[in-house]
Structure formats: structure tokens, C-alpha cells
Amino acid sequence: MGIERIGGGYIKIAVSKEDLEESISGLSQLKPILQAIVIKSNGNNKHQAAVDSAQIKKHFDTAIDAMTMLLSGFDGYGKGKEREDD
């Protein structure tokens, strides 16, 4: 991974295809674990458990989608690498 200051207070971060693939895989595996934890931690409050679980899904899916878009810019990235929706 490389970091470069490009001016105007911005920096450019370069990541490898492999790093993106690993990050996507890691987040995809972590999402259901965290959803299960918040459901359990809400106890009998099923409404709040559903709200919290949906929020986790939304934020993880946004991150995974953003990384997938970045990954699609790499040469050799095929359509078979798209994530599955839960």
C-alpha cells in the first residue's frame, strides 16, 4: 500500500488487488457475526435488534460495494467475483 499527498489536503492511497480481495472477504465474514451479537445483546427487544442488525448490514454492504467498485478497476477482475447478497 502506498500513500501520496496530492495537494489540497488530499492524499492518494494505493492498495493492491489482493488487499482489496482480502478486505472484502473479511468484511463479508464479519458482518453476520456482528449482526448475531447485536441481536443477542438486545435481548427480548426484537424491534431494536432488527433495527441494529439492518444498520450493520447497510454499513457493511456500503463498504463492501465501495471496495468491489475499486476492485473492478483492476485488470483481470471478472464478473465472477461479485459478492452475494444476504
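List of remarks:
- Of residues in segment 59-86 being surrounded by 10 or more Cβ atoms within 10 Å (Cβ to Cβ) and not in a helix (DSSP H, G or I), the one modelled with the highest pLDDT: Ser72
- The number of residues in segment 2-44 being in contact (Cβ under 8 Å) with a residue 24 or more places away in the chain and under 12 Å from Met67 (Cβ atoms) comes to 8.
- Subset of segment 1-56 that is of a type in the set (Gly, Ala, Ser) and part of a strand (DSSP E or B) - its residue that is farthest from Gly76 (Cα to Cα): Gly7
- Members of segment 16-30 that are of a type in the set (A, V, I, L, M, F, W, C) and exposed (fewer than 14 other Cβ atoms within 10 Å of the Cβ): Leu30
- Pairs with Cβ under 9 Å, 6+ apart, first in segment 57-77 and under 14 Å from Lys17 (Cα atoms), second aromatic (Phe, Trp, Tyr) and not in a helix (DSSP H, G or I): Leu71/Tyr77
The values are calculated or read from the model by the stated rules, or taken from the named source; none is laboratory data. Fair warning: this is a prediction, and the values are worked out from it, not measured in the lab. FYI the Cβ positions are ideal-geometry reconstructions off the backbone, even for glycines, and counts take in every protein chain you see.
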